[in-house]
Amino acid sequence: METYEIHDLTIKNMICSRCLKVIRQDLESIGVELLELRLGKIRIKYPKDKVTLKQIEEFLELDEFELVKDKSEVISEEVKLVLIKMVNNLPIDRTQKLSDFLAEKLHRDYWTLSRTFSKTEGTTIERYLILLRVEKAKELIEYDEMNFSEIAYELGYNNINHLSGQFKQVTGMSMSEYKQLKDKLRSPLDKIL
């Protein structure tokens, strides 16, 4: 009789619906059954005598995914996923404080989230959110469907000056200078840190 292993895993760099598709295809191709599949998390079942967790980990790494094993890293990855989702689902609600938003979404107190994130990532949650918003601003500038004030509004800023200052601080150029670039310099959101 065949015996099975069942694991709940947290996966780093799994941030979009295409990631879900790739993970499903990868794991099913080696005989792993997906019991649950959502951004950043999977629950798997596999035959113990045919597949190992190490093989699964190596297979995921081929597509630039990574298993998160440390509890602190799991918390940081959850924070990243929530913030990436927030930045991708515009407009950002500027009336809700970031601390309240994260505490509500992750069911943990913000102080713990903030301390853990800073320890594991080497930066603050607030700084990470700025980097995400600037990267999203670059994307919106490239689409050329909104003016800078509208982009600032979509990204949850009260005014264009606040976004402009952060954009220049992060990129070293103004939003107008970025718009004029022939080759736009963008990073995938999962590679921000």
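Brief remarks follow.
- Condition check for residue 12: in contact with an Asp or Glu (Cβ under 6 Å, 6 or more places away or on another chain), over 19 Å from residue 80 (Cα atoms) and surrounded by 11 or more Cβ atoms within 10 Å (Cβ to Cβ): no
- Residue within region 56-76 that is over 21 Å from the mean Cα position of the chain (by Cα) and not acidic (Asp, Glu) present: yes
- Candidates 113, 90, filtered to the one that is assigned to a helix (DSSP H, G or I) and in contact (Cβ under 8 Å) with a residue 24 or more places away in the chain: 113
- Hits in region 95-125 (condition: touching a helix residue (DSSP H, G or I) at 6+ places or on another chain (Cβ under 7 Å) and closer than 26 Å to residue 185 by Cβ): 117, 121, 124, 125
- Qualifying residue in region 97-104 (condition: among the aliphatic types (A, V, I, L, M) and more than 18 Å from residue 128 (Cα to Cα)): no
- Output for region 25-46, where each listed residue is among the aliphatic types (A, V, I, L, M) and more than 26 Å from residue 1 (Cα to Cα): 37, 39
- Any hit, region 13-27, residues being assigned to a strand (DSSP E or B), among the hydrophobic types (A, V, I, L, M, F, W, C) and modelled with pLDDT of 90 or more: no
- Residue 68 vs. criteria modelled with pLDDT of 90 or more, within 16 Å of residue 193 (Cα to Cα) and surrounded by 14 or more Cβ atoms within 10 Å (Cβ to Cβ): no
Listed here are the residues, each with its yes/no results for (1) of a type in the set (A, V, I, L, M, F, W, C); (2) surrounded by 16 or more Cβ atoms within 10 Å (Cβ to Cβ); (3) outside any helix (DSSP H, G or I); (4) modelled with pLDDT of 95 or more.
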residue	(1), (2), (3), (4)
119	no, no, no, yes
123	no, no, yes, yes
158	no, no, yes, no
164	no, yes, no, yes
167	yes, yes, no, yes
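- Matching entry among 81, 35 (being part of a helix (DSSP H, G or I) and in contact (Cβ under 8 Å) with a residue 12 or more places away in the chain): 81
- Criterion: free of Cβ contacts under 8 Å to residues at least 24 places away in the same chain and within 22 Å of residue 156 (Cα to Cα) - qualifying residue of 133, 127: 127
- Flag if residue 56 is crowded, with 17+ Cβ neighbours inside 10 Å and either out of contact with any helix residue (DSSP H, G or I) (no Cβ under 8 Å at 6 or more places or on another chain) or at pLDDT below 95 (or both): yes
The values are calculated or read from the model by the stated rules, or taken from the named source; none is laboratory data. Since this is a predicted model, take the numbers as computed values, not measurements. Cβ coordinates were reconstructed from backbone atoms using ideal geometry, including for glycine residues, and neighbour counts include every protein chain displayed.
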